[in-house]
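The values are calculated or read from the model by the stated rules, or taken from the named source; none is laboratory data. The structure presented is a predicted model; accordingly, all values stated were derived computationally and were not measured. Ideal geometry is used to build each Cβ from the backbone, glycine not excepted, and the neighbour counts take in all protein chains shown.
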Amino acid sequence: MPNLFSRIFRTTESATPEPSQPRPETWMPEGVTVAQRYRGLAGAVVLVYTTDSSGGGEYYAVACLGCTYIAARHKDRPGSDFLTQQRAAELANTHAGTCRALPRPLPDRPDEQTARDIIRRHLHNARRSVDDRPLLLSDLHPQRLVLQRTTSWIETELLAVADEHPDVLTAKPRGYGPGHAFTLHPFPRS
């Protein structure tokens, strides 16, 4: 009998993940502060998170680690209304109550060039507006779980884009507090 139990315990121990691999229940990517976690119907974790990127207050985002659900703004009030923690928690709870996604592996931290490409793709897609518009660091909340970079790293990359391509992005020191104010310019009209 002791052999039977020792085999069962050995099998169970080998099925547990290695401690070096982060688990969705405790995963805290660089540059992100996870405020709340919810579990979906099939086990996927839904995160409510924020960053230190907002100059005018804390803004939150919601992301499911099982499906493609991401929310960073009010759907019922498009424009500039970012999510408060309470509203983000409501969205996360609602999504977790209906999501049937299985947990996926956590995203690997991208290398420097891939992270730069993610930022440049975001800028390219955001240039479709008609007029110049402010680019807030909180506009990058949906990409933060994939980027896994600090706010200062992202701001440094945005400053590099502004230096290399002033027709795309311009930067100037903020009039209030540290950091820079960025302005995104639309595609040229022919």
Residue among R149, R128 that is in contact (Cβ under 8 Å) with a residue 60 or more places away in the chain and of a type in the set (D, E, K, R): R149
Only listed residue being modelled with pLDDT under 95, more than 28 Å from R174 (Cβ to Cβ), surrounded by fewer than 21 Cβ atoms within 10 Å (Cβ to Cβ) and among the β-branched types (V, I, T), chosen from T68, T94, T84, T98: T68
Residue in region 152-159 that is in contact (Cβ under 8 Å) with a residue 12 or more places away in the chain, surrounded by fewer than 17 Cβ atoms within 10 Å (Cβ to Cβ) and assigned to a loop (DSSP other than H, G, I, E, B) present: no
Breaking point among (1) surrounded by 19 or more Cβ atoms within 10 Å (Cβ to Cβ); (2) at pLDDT 85 or above; (3) closer than 15 Å to L145 by Cβ, for S53: (2)
Selection count, region 1-50, where residues are acidic (D, E) and modelled with pLDDT under 55: 2
Flag for D163 being farther than 24 Å from P24 by Cα, touching a residue at least 12 places away in the same chain (Cβ under 8 Å) and surrounded by fewer than 17 Cβ atoms within 10 Å (Cβ to Cβ): no
Condition met for Y59 (among the aromatic types (F, W, Y), free of Cβ contacts under 8 Å to residues at least 60 places away in the same chain and either surrounded by 14 or more Cβ atoms within 10 Å (Cβ to Cβ) or within 30 Å of D167 (Cβ to Cβ) (or both)): no
Odd one out for Y59, checked against (1) modelled with pLDDT of 90 or more; (2) under 30 Å from P173 (Cβ atoms); (3) touching a Phe, Trp or Tyr at 6+ places or on another chain (Cβ under 8 Å): (1)
Neighbours by Cβ (under 7 Å, 6+ apart or cross-chain): first from region 11-34, farther than 13 Å from L47 by Cβ; second among the charged types (D, E, K, R) and modelled with pLDDT of 90 or more: E30/R149; G31/R144; G31/R149
Extreme residue, nearest to the chain's Cα centre (by Cα), among residues of region 126-145 that are among the hydrophobic types (A, V, I, L, M, F, W, C) and assigned to a helix (DSSP H, G or I): L145
